[in-house]
Amino acid sequence: MMIEPATKASSTLKEMLNRAIAMEIAVSVQYMWQHVQATGVKAVAVQNVFRETAITEMKHAEKIAERLWYLTGTPTTQPTKINVGGNLKEFLENNAKAELEAITFYKQIVKQAESEGDVTTAFIFKEILEDEEEHHDTFTTILEEV
Ligand SMILES: [Fe+2]
Ligand SMILES: [Fe+2]
């Protein structure tokens, strides 16, 4: 028996959630491999930032996937493009860019969800946005020191 969710989502919103999941998987892997590949004094000093942030992104992916599943969508397993980079400066530049893309896109998701009366999805993305803005700030701040 198919249980109807209390909130219905448009295919547009469901596709947006799946793109968000793909972006979260991508940055999770990106930051994890940067943690592994960090070499040199400066990189080692910020190694744990990559690791901690990778874990947060994985939690975002899970949170969004749970919401999409509730809205009768199937979460993707495919990441968007992963851009690790070859040195610390490239890591940080790629990450700041990825965070900025997430911030821009998640604001669009909030608007779309609100236009459909889906306050829960809007709320979830407002919370995630707070993390992404913090990540963007962290990466750009470290970048100034490199
Ligand atoms: Fe995220
Ligand atoms: Fe992030």
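The values are calculated or read from the model by the stated rules, or taken from the named source; none is laboratory data. Since this is a predicted model, take the numbers as computed values, not measurements. Every residue, glycine as well, gets a Cβ built from its backbone with ideal geometry; the counts of neighbours run over all protein chains shown. To get the accessible areas, we keep the full protein, side chains included, count just its heavy atoms, and leave off ligands, DNA and RNA. Shrake-Rupley method; radii C 1.70, N 1.55, O 1.52, S 1.80 Å.
Which ones in the range 121-145 are in contact with a helix residue (DSSP H, G or I) (Cβ under 8 Å, 6 or more places away or on another chain) and open to solvent by 60 Å² or more (accessible area, probe 1.4 Å)? Within the range 121-145, Lys126, Glu133, Glu145 qualify. For Pro79, only one of the following conditions fails: (1) within 14 Å of ligand 1 (Cβ to nearest atom); (2) open to solvent by less than 40 Å² (accessible area, probe 1.4 Å); (3) part of a loop (DSSP other than H, G, I, E, B). What is its number? Of the numbered conditions (1) within 14 Å of ligand 1 (Cβ to nearest atom); (2) open to solvent by less than 40 Å² (accessible area, probe 1.4 Å); (3) part of a loop (DSSP other than H, G, I, E, B), the odd one out for Pro79 is (2). Set side by side, the residues Glu116, Glu133 differ, and just one is away from ligand 2 (no atom under 15 Å from the Cβ), more than 18 Å from Glu66 (Cα to Cα) and at pLDDT 95 or above, which is Glu116. Residue count for the range 26-83, restricted to those that are touching an Asp or Glu at 6+ places or on another chain (Cβ under 8 Å) and within 16 Å of ligand 2 (Cβ to nearest atom): 9.
The lone criterion from (1) among the charged types (D, E, K, R); (2) farther than 30 Å from Gln112 by Cβ; (3) buried (at least 16 other Cβ atoms within 10 Å of the Cβ) left unmet by Lys42 is number (3). Annotation: of all residues in the range 9-39 being under 18 Å from Val110 (Cβ atoms) and in a loop (DSSP other than H, G, I, E, B), the one that is most open to solvent (accessible area, probe 1.4 Å) is Ser10.
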